[in-house]
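Beneath this line is the structure, given in structure tokens, with notes to follow.
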Amino acid sequence: MAEIRFYHLTASPLERALPKLVEKVLERGDRTVIMAGSEERVEALNAALWTYDPQSFLPHGSARDGNAPDQPVWLTTAYENPNRASVLFLTDGATCPAQTEFPLVIEVFDGRVAENVEAARTRWKTYRDAGHALTYWRQTDRGAWEKNG
């Protein structure tokens, strides 16, 4: 079974929160796949990972860049694992099978949109029923993460 973490955005957009979460994954020595809802969103996240902090560097790529096996962070719209990642980020309502191959799945959703919250609740129930270990993190007003439940 996978560990699945839900990250509920309330104070900042995905483009600002995601790079910091990805940094933590890379600091642990893990690789990640980031699954987005569209090719346009992949390109927007690709740009955000390059520009979010002039003092940081997050090595990453997408199909446009190629060399998936060499990329520590792979951006895609498909459920795939071309870089042998152990962590899957799901954004924009992207989903993965209930029986995922990734040991850690991180769902990041915008809590300022009611339908996103409702969809996250539905996915929570699906994962729970499949027997996964679940945790829920809510963003504070300052952008930090607080574990709930």
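The values are calculated or read from the model by the stated rules, or taken from the named source; none is laboratory data. It should be emphasised that the depicted structure is a prediction, and the values quoted were computed from it without experimental measurement. Here Cβ is always computed from backbone atoms with ideal geometry, including for glycine, and neighbour counts include all displayed protein chains.
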### Summary
Given (1) modelled with pLDDT of 95 or more; (2) over 21 Å from Glu43 (Cα atoms), Ala78 misses just (2)
## Note on the structure
Filtering the range 47-69 down to residues that are at pLDDT below 95, in a helix (DSSP H, G or I) and touching a strand residue (DSSP E or B) at 6+ places or on another chain (Cβ under 9 Å) yields Leu49
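Does the range 3-23 include one or more residues that are under 19 Å from Val105 (Cβ atoms), under 14 Å from the mean Cα position of the chain (by Cα), part of a strand (DSSP E or B) and charged (D, E, K, R)?
Going through the range 3-23, the residues under 19 Å from Val105 (Cβ atoms) turn out to be 3-9, 14, 17-23.
This time we only want the ones that are under 14 Å from the mean Cα position of the chain (by Cα), so: 3-9, 14, 17-23.
Pick out the ones that are also part of a strand (DSSP E or B) and you get 3-9.
When the remaining residues are screened for being charged (D, E, K, R), the result is 3, 5.
Scanning the range 3-23, I find at least one residue that is under 19 Å from Val105 (Cβ atoms), under 14 Å from the mean Cα position of the chain (by Cα), part of a strand (DSSP E or B) and charged (D, E, K, R), so the answer is yes.
Can you pull out the residues in the range 6-36 that are of a type outside the set (A, V, I, L, M), closer than 20 Å to Asn83 by Cβ and either in contact with a Cys (Cβ under 7 Å, 6 or more places away or on another chain) or surrounded by fewer than 22 Cβ atoms within 10 Å (Cβ to Cβ) (or both)? Give the steps one after another, and end with the answer.
Applying the first criterion (of a type outside the set (A, V, I, L, M)) to the range 6-36 yields 6-8, 10, 12-13, 15-16, 19-20, 23-24, 27-32.
After this cut, where a residue has to be closer than 20 Å to Asn83 by Cβ as well, the list is 19, 23-24, 27-32.
The answer is Pro19, Glu23, Lys24, Glu27, Arg28, Gly29, Asp30, Arg31.
Just to check your reading of the model, which residue among Val108, Val73 is of a type in the set (Val, Ile, Thr), touching a strand residue (DSSP E or B) at 6+ places or on another chain (Cβ under 6 Å) and more than 14 Å from Leu9 (Cβ to Cβ)?
Working: Val108 fails: more than 14 Å from Leu9 (Cβ to Cβ).
Just one listed residue meets the conditions, Val73.
Only one of these is in contact (Cβ under 8 Å) with a residue 60 or more places away in the chain, out of contact with any Phe, Trp or Tyr (no Cβ under 8 Å at 6 or more places or on another chain) and of a type in the set (Val, Ile, Thr): Thr122, Thr126, Thr135, Thr140. Name it.
On the way: Thr122 fails: in contact (Cβ under 8 Å) with a residue 60 or more places away in the chain; Thr126 fails: in contact (Cβ under 8 Å) with a residue 60 or more places away in the chain; Thr135 fails: out of contact with any Phe, Trp or Tyr (no Cβ under 8 Å at 6 or more places or on another chain).
None of the other options fit; the residue is Thr140.
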### Message
closer than 15 Å to Tyr7 by Cβ and either in a strand (DSSP E or B) or among the β-branched types (Val, Ile, Thr) (or both): which single residue out of Trp124, Trp137 fits that description?
### Response
Trp137
### Message
Exactly one condition in (1) in a strand (DSSP E or B); (2) surrounded by 12 or more Cβ atoms within 10 Å (Cβ to Cβ) is false for Glu146; which is it?
### Response
(2)
